[in-house]
Each structure stands twice: as C-alpha cells, then as structure tokens.
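Student: Have a look at this one before I ask anything.
Rule-based calculations on the coordinates, nothing more; no lab input. Keep in mind that what you see is a predicted model, and the values were worked out from it rather than measured. Because the Cβ atoms are built from the backbone with ideal geometry, glycine has one as well, and the counts that use them run over all protein chains shown.
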Amino acid sequence: MKLLFATNNTHKIAEAARILQTAAPDLVLVTLAEAGLDVDPPENEPTFEGNALSKARALFALTGLPTVADDSGIEVTTLGGRPGVHSKRFSPEATDEANNRLLVALLDGADDRSARYRCAVALVSADGELVTDGSCTGSITDSPRGAGGFGYDPHFLPDDAPGRTMAELTADEKHAISHRGRAFRALAERLRARS
Ligand code: IMP
C-alpha cells in the first residue's frame, strides 16, 4: 500500500522509509514533494497524538490518499516535560544547534537529566483513523557526540545503548530502539492485524 507522508522533514522521511522497508515492505511512503504538494501540514495541537492526526487529516482531506504523519519531540523531566510538542522551535532561532544550546544551558547544574523521546504516528484513510505511539528513555549529556541522526541526538544518551549518544549509533541501531522505530512498527502491526 502507498502512504502519503505528511512531512517536509527529510530526516523523518529517511528514517521512516528505512524502518518500514524492514518492518513492512508492502508499505511504501510517498513524500509531499513526490506528490507535487507544496504544503506545510498544520500542527497546532497540545499533544503529539493530536498533531499527528491533524497533519494526516489535512493531507487526506486535500488528496484523498491514505496519509500517514509523525509528530515527535523530546520531554525533559526537570523542565516539566518541555520542550515536548515545541521541540522543533524550542529556541528563537529554531535550529538544531540553538535548540541544543538552550537545552544544555537550562540543564546546567541539574541533578536529574532524564528525558524521553516521543513519537505519535497517525494514519488517516477511507478505512478510518489509527494512531500509534513510541517512546525512548534516556538522559541529556552536556557535550555533543556523534554525527548520525538529527535534532537532539548528539546530546541524547538512550538507556538502551549505554555509553553512546543516539548520534553515535548506526541508523539501524537507532531505529531498533527509537521512539520513531517503535511507533512505525506498531502501525505496521496494527495494519497487519486489521487485514
Ligand atoms: P515536529 O516536526 O513538530 O514533529 O518536531 C520534531 C522535532 O522534535 C524535531 O525538529 C527535533 O527537534 C525533535 N525530534 C523528533 N524526533 C527526533 C529524533 O529522532 N532525534 C532528535 N530529535 C528529534
């Protein structure tokens, strides 16, 4: 089945395509660019699930194509769950580098550096709506390490890969333990159970 992927984030596209290639080769992602769509899917909801649904619903309404969307981010315990759904635009500059700088500054001197990545995936089609979730617990390190992944990965030490940041893992190692890997595999599982 072809699924329109309601995102312009090239990192999410590469990661989700690879995760599905392994977990559910029958599910093939079509990007907005490939579909000739120059749109910015709406994400004004207070939850990951709400945002994933709102992005998938908007593109399904526009195209009639089965549409999948990913809303994700990082929740830091000491910051009361921030930046959460605002992870992309945490700092005024809204670049990965500035976001990470702000995160490290806010955690200066904090005893509790625990955090978790979260990802909600929504599928909207003529058959109805499905939402799945995935999370990945870890902690935030002061100094960045590694060149893989994107976003907060150079500062995120996943509990499931002790001693390495997410950016130091290979792509497949990241997907095996990541919030996105878990959420997309759960979607594939739900679709298998439905058919
Ligand atoms: P969204 O596009 O509103 O879902 O925001 C996603 C943002 O969350 C990204 O821009 C990153 O800052 C962060 N994020 C989500 N997933 C990851 C990941 O796998 N690694 C690092 N940062 C991530």
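Student: Select from 36, 146, 138 the residue whose mean-square fluctuation is largest in a Gaussian network model of the chain (Cα-Cα springs shorter than 10 Å).
Tutor: 36
Student: If you don't mind, there's one more thing I want to ask. List the lysines whose alpha-carbon lies under 18 Å from that of residue 174, not counting same-chain residues fewer than 8 positions away?
Tutor: Within reach: 12.
Student: Then there is this: Pairing the Cα long axis of helix 179-194 with the longest principal axis of the chain, what angle in degrees results, from 0 to 90 and rounded to the nearest 10?
Tutor: Compared with the principal axis, the helix lies near 30 degrees.
Student: HN-Hα J couplings of the range 60-75 from phi, Karplus 6.51/-1.76/1.60, θ = phi - 60°, integer Hz, Gly and Pro as x?
Tutor: Values, residue by residue: 5, 4, 6, 10, x, 8, x, 10, 10, 9, 10, 10, 8, x, 10, 10 Hz.
Student: On a 0 to 90° scale, report how tilted helix 10-23 is relative to the longest principal axis of the chain, with both axes built from alpha carbons and the result rounded to the nearest 10.
Tutor: Relative to the chain, helix 10-23 is tipped by roughly 70 degrees.
Student: What does the charge add up to near residue 15, with Lys and Arg as +1, Asp and Glu as -1, over the other residues with Cβ less than 10 Å from its Cβ?
Tutor: Value of the local net charge: +3.
Student: Using alpha carbons only, how many degrees (0 to 90, rounded to 10) separate the axis of helix 96-106 from the longest principal axis of the chain?
Tutor: Relative to the chain, helix 96-106 is tipped by roughly 40 degrees.
Student: Next up: Given the convex hull over the Cα atoms of the chain, what projected area results after averaging over all orientations, in nm²?
Tutor: In nm², the orientation-averaged hull projection of the chain is 10.6.
Student: Taking a virtual spin label 7 Å from the Cα of residue 192 along the C-beta vector, which residues in the range 1-26 bring their backbone nitrogen under 20 Å of it?
Tutor: 1-3, 16-26
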